[in-house]
Amino acid sequence: GIFITEEKQGGKFLVRSLDGPIATFSLQELPGCCGVVVSYWSEVLVEHRHKGIGAELLEIRMMAARAMKYGSMLATVDKNNTAEVGLLYNAQWSKVKEFRNPRTSNIIEVYLVNL
């Protein structure tokens with residue numbers, strides 16, 4: 001089984017098994033709107049990748065947001081992260097915007113899902 005704990009700084013969650021950490025994610029309320037939560041820093045540890053955990057982690061994030069009574073969820077993802085883009089697409093998230101990050105020059109996609 002897996003366990004999810006919230007870190008002390010709040011908003012950051014650790015997903016672990018009895019053998020140790022598996023993944024992390026963060027959820028933060030969108031400033032100025034108590035109905036939207038932003039999902040960020042979602043990461044499956046390298047040794048646990050390509051095992052379907054990413055899709056499970058996405059569902060866990062969405063379930064957590066629903067439990068916290070949010071109506072919508074936003075996520076940003078580097079366009080080159082095709083694994084995450086595919087997960088969002090398969091989970092019926094909608095791409096709402098794309099922009100070039102001026103700090104990194106990466107193309108960032110913004111996704112939204114109604115919970």
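The values are calculated or read from the model by the stated rules, or taken from the named source; none is laboratory data. Computed from a predicted model, the values in this text were never measured in an experiment. With ideal geometry, Cβ positions are generated from the backbone for all residues, glycine too; neighbour counts draw on all protein chains shown. To get the accessible areas, we keep the full protein, side chains included, count just its heavy atoms, and leave off ligands, DNA and RNA. Shrake-Rupley method; radii C 1.70, N 1.55, O 1.52, S 1.80 Å.
Can you tally the net charge around HIS50? Count Lys and Arg as +1, Asp and Glu as -1, for every other residue whose Cβ sits under 15 Å from the Cβ of HIS50.
-2
If you count Lys pairs in the chain whose Cα atoms are under 23 Å apart, skipping same-chain pairs closer than 8 places in sequence, the total is 7.
Note on the stretch 56-99: percent of Cα-Cα distances in each 5 Å bin, starting at 0 and stopping at the bin with the largest distance, equals 5, 20, 31, 24, 14, 6, 0. On a per residue basis, the chain carries 64 Å² of accessible surface, using protein heavy atoms and a 1.4 Å probe. The 3J(HN,Hα) values that the Karplus relation (6.51, -1.76, 1.60; θ = phi - 60°) gives for the stretch 30-40 are, in residue order, 5, x, x, 8, 6, x, 10, 10, 9, 9, 8 Hz. Gly and Pro appear as x. Surface listing: TYR40, TYR89 arranged by accessible area from highest to lowest gives TYR89, TYR40, probe 1.4 Å. Most simply put, the chain has about 90% antiparallel DSSP beta bridges, counting only bridges with both residues inside it.
In terms of overall dimensions, the chain has a Cα radius of gyration and Dmax of 14.1, 41 angstrom.
Probe radius 1.4 Å, ligands and nucleic acids ignored: give me the carbon and sulfur share of the accessible area of the chain as a rounded percent. In the chain, the share of accessible area belonging to carbon and sulfur is 54 percent.
Under the Kirkwood approximation for Rh and a Cα-based Rg, what ratio Rg/Rh is obtained for the stretch 3-70?
Values: Rg = 12.3 Å, Rh = 12.5 Å.
A ratio of 0.98.
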